[in-house]
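Q: Would you mind keeping the following structure in view while I ask a few things?
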Amino acid sequence: MRLARAMAVSLACAFAFTSAPFAQVGKGLLDGNTASEKELMGVPHLTDAIVKGIVGKRPFKSQTEFNAFLTSQGLKPEQLKEVYGKTFVHLNLNTATREEILMIPGLGNRMVREFLEYRPYKAMAQFRREMGKYVDDTEVARMVQYVFVPINLNTATDEDILTIPGLGPRMLREFKEYRPYKSMEQFRREIGKYVDEKEVARLERYVTIE
């Protein structure tokens, strides 16, 4: 009886895990575009001047831009690895360059090939499944922190939309209010009623229209 009960609990947990929706935007790291000054001050090698520079130049349109700024501040490759272990600008799994993917600490050319092989990604669950062929669950979870799959503006669930860094219930309502979206220009126009152009550009990175 005890064994049967234990097996039932295990199966229930497994079902809950496999049936739960996966976020479209990875969580775990500080987002370089939304982290507070206090949070960024806790990142290795980021001085007060560098942190103020980050905040002043945001939003960074890509990890390449973020990397270029930090390099311009004199940070060396080994220091950048430590920085990127704490904060990063998410990579679009479908458009990130080979060079950007290699900025993920601990990633080599072999895994870059695997990232690219399975494009286009439709959901984070697909990325987890495919990368799970090559590395264990712990490493997959670590890589997920650095990436996102664009969210379909017309069909995304509330849970998916809320994975966008810095997006709360108010903007969730605005995202949904203007469905169906016919073009990205429509998205910019409608969301631009509530936030400035820089914030619209930051949010736009995470969405698509299909």
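Q: Can you give the calculated 222 nm mean residue ellipticity of the chain, where each DSSP H run of n ≥ 4 adds -39,500 (n - 2.57) and the sum is split over every residue, rounded to the nearest 500 deg cm²/dmol? Kindly include the intermediate steps, with their values, before the conclusion.
A: Values: 13 runs with 109 residues, N = 210.
After summing the helix terms and dividing by residue count, I get -14000 deg cm²/dmol.
Q: Tell me, how many Å apart are the Cα centres for segment 27-98 and for segment 151-210?
A: So the two Cα centres are separated by 23 Å.
Q: Could I ask something else about it? Hey, which lysines would be in cross-link range of residue 176, C-alpha to C-alpha under 23 Å, not counting anything within fewer than 8 residues on its own chain?
A: Output for residue 176: 27, 122, 193, 198.
Q: Hey, in the GNM for the chain with a 10 angstrom Cα cutoff, which one of 185, 114, 65 fluctuates hardest?
A: Greatest mean-square fluctuation among the candidates belongs to 185.
Q: For residue 61, which aspartates and glutamates qualify as cross-link partners when the Cα separation must be under 16 Å and same-chain residues fewer than eight apart are set aside?
A: Within reach: 31, 99, 100, 196, 197, 199, 204.
Q: Please compute one quarter of the surface area of the Cα convex hull for segment 151-208 and express it in square nanometres.
A: Numbers: hull surface 13.4 nm².
Hull-based average projected area comes out at 3.3 nm².
Q: A further question follows. For a quick check, take a GNM of the chain with Cα springs below 10 Å and name the residue from 199, 174, 78 with the largest mean-square fluctuation.
A: Comparing 199, 174, 78 in the GNM, the peak value goes to 78.
Q: A further question follows. Please list, in chain and number order, the residues 5+ apart from residue 151 or on another chain whose amide H is under 5 Å from its amide H, with Hs placed from the backbone.
A: HN-HN under 5 Å from residue 151: 207, 208.
Q: I've got another one for you. Given the Cα-Cα distance of residue 39 and residue 178 and 0.36 nm per residue of separation, how much length would full extension add, in nm?
A: Details: separation 139, 0.36 × 139 = 50.04 nm, distance 3.38 nm.
My answer for the length gained is 46.7 nm.
Q: For a test of the definition: using alpha carbon positions, the gyration tensor, and the 1.5 limit on a/c, classify the chain as rounded, prolate or oblate.
A: Working: a/c = 1.73, a/b = 1.18, b/c = 1.47.
Note, shape of the chain comes out oblate.
Q: I would also like to ask the following. What is the list of residues in segment 65-103 whose amide nitrogen lies under 20 Å from a point 7 angstrom out from the Cα of residue 134, following Cα to Cβ?
A: Taking a point 7 Å out along Cα→Cβ of residue 134, the residues of segment 65-103 whose backbone N falls under 20 Å are 85, 90-103.
Q: Something else: Pick from 101, 50, 164 the residue whose mean-square fluctuation is largest in a GNM of the chain, springs joining Cα atoms under 10 Å.
A: Comparing 101, 50, 164 in the GNM, the peak value goes to 50.
Q: Using a Förster distance of 25 angstrom, determine the FRET efficiency expected from the C-beta separation of residue 126 and residue 157, and round it to 0.05.
A: Details: r = 16 Å, r/R0 = 0.65.
For R0 = 25 Å, the calculated efficiency reads 0.95.
Values in this text are rule-based calculations from the coordinates and carry no lab data. Being a predicted model, the structure only gives us computed values, none of them experimental. Every residue, glycine among them, receives a Cβ derived from its backbone with ideal geometry; neighbour counts consider all protein chains shown.
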